[in-house]
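Asks: What follows is a structure written as structure tokens; I'll ask about it next.
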Amino acid sequence: MTQYLKDRYGLLINGEWVDAENGATFETHNPATGELLALCANASAKDVDRAVKAAAAAQPAWAAKSPAERANILLKIADRIDERALELATVETLDNGKPIRETTLVDVPLSSDHFRYFAGCIRSIILREPIGVVGQIVPWNFPLLMGAWKIAPAIAAGNAVVIKSSSTTPLSLNVLGEILNEFLPPGVVNIISGRGAQTGQAMLDHPGFAKLAFTGSTEVGYDVAEAAAKRLIPATLELGGKSANIYFDDC
């Protein structure tokens, strides 16, 4: 299964895969075995700034494309996700720990479906008023699907994106980034990885975002809401606490 993995993953900034500016990395491990899967770039505040500037430079030309042009690109992305379905499902299972059945039947097909859905929306019902650069942070449990969920509507409407993966499960979003990079102009989607205390906080502190979107813990959600409120920008929050588990003595 590990044939789909690289030893090292960088940051996708302005259409190029680059190391963190200070060379910092972190490890991601198979949760079932503890095996080291890969080293990933640990983005600094300077890396976040580079990504935001790339997104801001790319966004006006992307927004100027017609809905039909953007829709056609989203459909091509969806097709490529389906073509690389086995790879995406395998990487998600190795990094996240989900059964391969779930990643194959749920995470991957729903990811491509999001791009097809919003390709249709922008030719019919979406209000076409992009707001600029959207900062997005996705959680560990659905990194690929949440990535598609957040990226597809944002770029469909003509926005550019800087999205951060969870430092626990960063790999599948990087594979999705490879697909996006085939079809999108450089800078429209920038993917960064790193620890929340450093990379995530750098996103909250950056003044270049027109909107923030976060899925994760309620505790961090308060910080995201506060950062958005201080700059008077919208925020979309999906916070934790709804999926309790009960463990019995015989487990």
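Asks: Rolling a 1.4 angstrom probe over the protein heavy atoms, how many square angstrom per residue are accessible across the stretch 67-191?
Replies: Working: 4330 Å² over 125 residues.
In whole numbers, the stretch 67-191 has 35 Å² accessible per residue.
Asks: What do you reckon, how do His114, His29 stack up by accessible area (1.4 Å probe), largest on top? Could you put the intermediate results ahead of the total?
Replies: Values: His114 45, His29 75 Å².
Correct descending sequence by accessible area is His29, His114.
Asks: Right, next: Measure off, as a whole percent, the carbon and sulfur share of the 1.4 Å-probe accessible area of the stretch 168-251, all protein chains present.
Replies: 55 percent
Asks: When the Kirkwood hydrodynamic radius is evaluated over all pairs of different C-alpha atoms of the chain, what value in angstrom, to one decimal, is obtained? Please report the intermediate quantities before stating the final value.
Replies: Working: mean 1/r = 0.0550 Å⁻¹.
With all distinct Cα pairs of the chain included, I get 18.2 Å.
Asks: Please report, to two decimal places, log10 I(q)/I(0) for the stretch 102-207 at q = 0.14, 0.19, 0.24 Å⁻¹ as given by the Debye formula with identical point scatterers on the Cα atoms and no solvent.
Replies: -0.54, -0.98, -1.40
Asks: How large is the helix-only mean residue ellipticity at 222 nm for the chain, computed as the sum of -39500 (n - 2.57) over DSSP H runs with n ≥ 4, divided by its residue count, in deg cm²/dmol to the nearest 500?
Replies: When only DSSP H runs of four or more count, the value is -14000 deg cm²/dmol.
Asks: List the lysines whose Cα lies under 22 Å from the Cα of Lys6, skipping any in the same chain that are fewer than 8 positions away.
Replies: List returned: Lys98, Lys164.
Asks: Using +1 at the Cβ of each Lys and Arg and -1 at the Cβ of each Asp and Glu in the chain, identify which of Thr169, Pro99, Ala235 lies farthest towards the dipole's positive end.
Replies: Result: Ala235.
Asks: Turning to a different aspect of this structure: Between Leu36 and Glu69, what's the calculated FRET efficiency when r is the beta-carbon distance and R0 is 35 Å? Round to 0.05.
Replies: 0.25
Asks: Rounded to the nearest Å, what's the spacing between the alpha carbon centres of the stretch 50-106 and the stretch 222-238? Just the number, please.
Replies: 25 Å
Asks: Just round it to a whole percent: the fraction of Cα-Cα distances in the stretch 143-201 exceeding 12 Å.
Replies: 65 percent
Asks: So how long is each side of the stretch 174-251 along the principal axes, counting just the alpha-carbon atoms, biggest first, in Å?
Replies: Result, largest extent first: 54, 35, 21 Å.
Asks: From the C-alpha gyration tensor of the stretch 30-129, pull out the three semi-axes of the equivalent ellipsoid (sqrt of 5λ each), sorted largest to smallest, in whole Å.
Replies: Numbers: eigenvalues 184, 104, 18 Å².
Its equivalent ellipsoid spans semi-axes of 30, 23, 10 Å.
The values are calculated or read from the model by the stated rules, or taken from the named source; none is laboratory data. None of these values were measured; they are calculated from a predicted model. All Cβ positions, even for glycine, are placed from backbone atoms using ideal geometry, and neighbour counts span all protein chains on display. For accessibility, only protein heavy atoms count, side chains too; no ligands or nucleic acids. Shrake-Rupley method; radii C 1.70, N 1.55, O 1.52, S 1.80 Å.
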